[in-house]
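Trainee: Before we start, here is the structure in question, set down as structure tokens.
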Amino acid sequence: MSAASIVLAINLCVGAIFVSAFGFIAVYRRSAVGARWQALAYSMTFVIGLLEYSMPYQTNAQAAAYGSFAAFLTAMLFSNIGLARHYEVRVPWLSLGLLFALALGVNLFTLGMPRDSLARGLIYQAPYALMHVIGIQIILANRSRRMLDLTLVSLFALSALTFLSKPFLALAIGSGGSVQGYLSSNYAAISQASGGVLIIANGLLILLIMTRDVIADMTTLSETDPLSGLLNRRGFDEQAERARLMAQRAGMPAVAITADIDHFKQINDTYGHDRGDQVIAMFGELLKESFDQRAVVARMGGEEFAVLLPGAGLPVARGAAEAARLRLRDLPKEFRGTDKRITCSFGIAVLDEGESLSNLLRRADMALYDAKAKGRDRVSIAPAPSLDSNAPQSAASAEKLSSAPHAEPVHTRRSG
């Protein structure tokens, strides 16, 4: 058995491993359409191996050689479709289709050309290189690309250059002189080995990228409230804590806001739970629109919501809360779906130096309770924590807080 035959056997085993790996992802995560295409792409390894192993035993192996070329080109076509599906970018059907059809047509005319011809080699290998170029374009079309994605771009570029260099290698050392003699040539051993390394490297990177993104999707689902589309309590605790730490380390302010839909039980009792769910979803969307992209917005359960706004102070947080309150109160009947006006209450607390997230939320909740106690449909502000629990707020601070409509400071007293 020649060295090229051994390498080809190894490549078949590698292909089987990748078919299994991508197939597992496709079965485990049915939305991972890209993994199905990758599994299909690597399944072409068996077709290629069968055709190339049969070449030495055929009187005229031109058809097998052409079939091997078409199978490998098909595998690359499937892989590019899979990448586009995974990255959720437009599949370049036109460029892929034109390249595929043109390559199959042109290579029919090269079957009679000498195998060591540089022109034949370039015509044969160029479609493989161009398929990798299209793959690079697909990856770069994804704006959220990260380090692994850029590494795959580099590897695709290396693969394209490798394919373009093969005709020069064949010219230098010979490619067996005939189709039947290909597997016994040194060129075949080098070509199969380099191709195998690139297949493994490309496959591993694509597998890592898809695994990374599947895990990220599952994490997002586990941290997302399905009704409102916002974070759930678990997601809020993790993301808000990260945002709080970053704000404190950077010396930036941060504000916690808690919100509650007023008389929500009456909405459920009067109009039914379906209408109540619609109100929760509507309020969640309204909150998301009222705060900027830095905000960590969550539905904590029931009709209770929370927001952590890093990098912003009290005026910004209070203004956004007031805007959200007014938008909900003034919603037209056709949007709120009830004859009765829907209102909400807010509590706001400004992060103190060294304060924990749980304590910050506790103070925001106290402010929310104060807003409820004072008639609802308002925004209340928690006073800053103080070592001296009886120390009043400064006159300037009190005047500033009381100057905003419906924004009232909460006066609390520590026991003991």
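Trainee: Please compute the length gained on full extension between MET252 and ASP277, using 0.36 nm multiplied by the number of residues separating them and subtracting their Cα-Cα distance. Write down the numbers at each step before the final one.
Mentor: Working: separation 25, 0.36 × 25 = 9.00 nm, distance 3.62 nm.
Result for the pair: 5.4 nm of gain on full extension.
Trainee: May I pose another question? Per 0.36 nm of contour for each residue apart, how much would the distance between LEU104 and ARG233 grow if the chain were fully extended, relative to their Cα-Cα spacing? Provide the component values of the computation, followed by the final result.
Mentor: Working: separation 129, 0.36 × 129 = 46.44 nm, distance 5.59 nm.
Between LEU104 and ARG233, full extension yields an extra 40.9 nm.
Trainee: Taking θ = phi - 60°, what integer Hz values does the Karplus form 6.51 cos²θ - 1.76 cosθ + 1.60 yield along the range 132-141, in sequence order, with x for Gly and Pro?
Mentor: 5, 5, 5, x, 4, 4, 5, 5, 5, 6
Trainee: In the range 286-389, which GluC sites (Glu not before Pro) fall in coil by DSSP and have 14 or fewer other Cβ atoms within 10 Å?
Mentor: Values: sites: GLU289, GLU303, GLU304, GLU322, GLU334, GLU353, GLU355; in loops: GLU303, GLU353, GLU355.
Passing both the DSSP loop test and the Cβ count: GLU353.
Trainee: Let me ask something else about it. Pop the C-beta distance of SER154 and VAL197 into the FRET formula with R0 = 22 Å and round what comes out to the nearest 0.05. Before the final figure, lay out the partial values.
Mentor: On the way: r = 15 Å, r/R0 = 0.66.
Computed FRET efficiency for SER154 and VAL197: 0.90.
Trainee: Taking the Cα centre of the range 3-222 as origin, work out the dipole magnitude from +1 charges on Lys and Arg Cβ and -1 charges on Asp and Glu Cβ, in debye rounded to 20.
Mentor: Dipole size: approximately 360 debye.
Trainee: Separate question: Order these by the 10 Å Cβ neighbour count, fewest first: HIS86, HIS263.
Mentor: Fewest to most other Cβ atoms nearby, the residues stand as HIS263, HIS86.
Trainee: Fewest first, what order do ILE173, ILE48 take by the number of other Cβ atoms within 10 Å?
Mentor: Numbers: ILE173 12, ILE48 21.
So the residues, fewest neighbours to most, are ILE173, ILE48.
Trainee: Given R₀ = 35 Å, FRET efficiency for LEU111-ALA9 by Cβ-Cβ distance, to 0.05?
Mentor: Computed FRET efficiency for LEU111 and ALA9: 0.85.
Trainee: Quick one: if you stick a label point 7 Å off each Cα along the C-beta vector at ALA216 and THR270, how many nm between them?
Mentor: So the label points at ALA216 and THR270 sit 4.5 nm apart.
Trainee: Right, something else. At R0 = 35 Å, how high is the FRET efficiency between LEU245 and ASN142 if r is their beta carbon distance? Nearest 0.05 is fine.
Mentor: Taking R0 as 35 Å, the efficiency between LEU245 and ASN142 is 0.75.
Trainee: For a protection proxy built on the mean count of beta-carbon atoms within 10 angstrom, sort 28-35, 119-126 highest first, please.
Mentor: 119-126, 28-35
Trainee: Taking the alpha-carbon distance from LYS333 and a cut-off under 28 Å, which lysines remain once sequence neighbours fewer than 8 residues away in the same chain are dropped?
Mentor: Of all the lysines, those that pass the test against LYS333 - Cα under 28 Å, at least 8 places apart if same chain - are LYS265, LYS288, LYS372, LYS374.
Every number in this text was worked out from the coordinates using simple rules, so none of it is lab data. Small disclaimer: the values here were computed from a predicted structure and weren't measured. For neighbour counting, all protein chains shown are included, and Cβ atoms are generated from backbone atoms with ideal geometry for every residue, glycine included.
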